[in-house]
1. Cα to Cα, under 16 Å, and not fewer than 8 places away if on the same chain: which lysines meet these conditions relative to K292?
2. Quick check on the chain: helices-only [θ] at 222 nm, where DSSP H runs of length 4 and up contribute -39,500 (n - 2.57) each and the sum goes over total residues. Nearest 500, please.
3. In what sequence do K72, K79 fall when counting other Cβ within 10 Å, fewest first?
4. When the chain is modelled as a GNM with alpha-carbon springs shorter than 10 Å, which of E182, E69, E313 fluctuates the most?
5. Please arrange R161, R155 by counting, for each residue, the other beta carbons lying within 10 Å of its beta carbon, fewest first.
6. Specify the residue with the greatest mean-square fluctuation among Q71, Q83, Q108, computed from a Gaussian network of the chain linking alpha-carbon atoms under 10 Å apart.
7. Expressed as a rounded percentage, what relative contact order does the chain have, with Cα pairs under 8 Å and six or more residues apart?
8. Lysines near K176 by alpha-carbon distance under 16 Å, same-chain residues fewer than 8 away left out - which ones?
Amino acid sequence: MPSGTAADGRKRQFHSGTHALQALEGIDLKGKTIAITGTTSGIGVDTAKSLVLKGAHVVMLNRNLVESEKQKRAFIEEKPNAQIDIVQCDLNSLASVKKAAATYLEKQWPLHGLILNAGVMGPATKMTSDGFEAHFGINHVAHFILVQALLPVLRSSAPSRLVIVTSALHSHSCVKPNSPMEQKLATLCPKDASKMYLHLYSCSKMCNMLVAFKVHRDEFSNGISTYSVHPGSGVRTDLHRDNGLSKVIGFLSTPITKNASQGAATSVYCVAHPEVKEVSGKYWESCWDDEKNLDKKVARDEELQDALWKRTEELIAEWERTGKANGKAK
């Protein structure tokens, strides 16, 4: 086990080979409600499964209801008294996301943990149904709507936690710290899909990072702890599922990458482990602070955090005025 002691006295217990259930050893989550996006494949399955097995009431926010029911049955086979609910949430459609948030509120469930896990990389369809560039629209805008809608429930359920799955690739966003604000926002909020998909993905992950750190600034005093999580270098996921690269990349990277359970470990550690209950506003990898690999000049730019938040609100308002009202893309 690697050595390490954090500034707050925490001693490192886990590492890159830690599996999700190992990170939750000895923890009882009975009475806790945790909502997760994207639990039908990749690390989302292991994230949900480990939390279910530790007794949490898990709400799966997924596009595919058939696969969600299949996963639910599989979880119940392992834990017959499991508490699992499914809410349809298609991140490609802001109307679906808003409906999912409204459904959650109507159910009056508490929310002790929200894990924004779903995402796309290099999807075959370059734009969302609402006319946003796909990485920006799915990875950032859709999750932003969930955050805004569910923040009141996180507050009322405090102490609570928000975990946003980002990526080490956030540092390749090409946002230059000394650029004018409008130029930074233009890079982070692309209007089309003309750039290389890795650039677009990196920008969307920087957006996730900026949102996480702003929520920390605004909500830590309200009992919400926030964590920005990189699943791990080369973790095998199905982010490429839409363009057929998944099997090739998975085969080539198997000897050097984490599996899904190892990739899920940091998410479940941050959402549930008592030792990081109030260690909010940091960047994590392999169940440990990874601030050394954070693009601090961009990610910690509070003016940019606020500007992106405001610009995203404006884009959503524009969609509501135009695309939503007309029943078509904005």
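Here, each number is a calculation from the coordinates, and none is a lab measurement. On a predicted model such as this, the values are computed, not experimentally measured, just so you know. Neighbour counts are summed over all protein chains in view; Cβ atoms, including those assigned to glycine, are modelled from backbone coordinates with ideal geometry.
1. Leaving aside lysines fewer than 8 places away in the same chain, those within reach of K292 are K282.
2. Calculated from helices alone, the mean residue ellipticity at 222 nm is -12500 deg cm²/dmol.
3. Ranking K72, K79 by Cβ neighbours within 10 Å, fewest first, gives K79, K72.
4. E182
5. Lowest count first: R155, R161.
6. Per the Cα network of the chain with a 10 Å cutoff, Q108 tops the list.
7. So the answer I get is 21 percent.
8. Candidates past the 8-residue exclusion: K184, K205, K296, K297.
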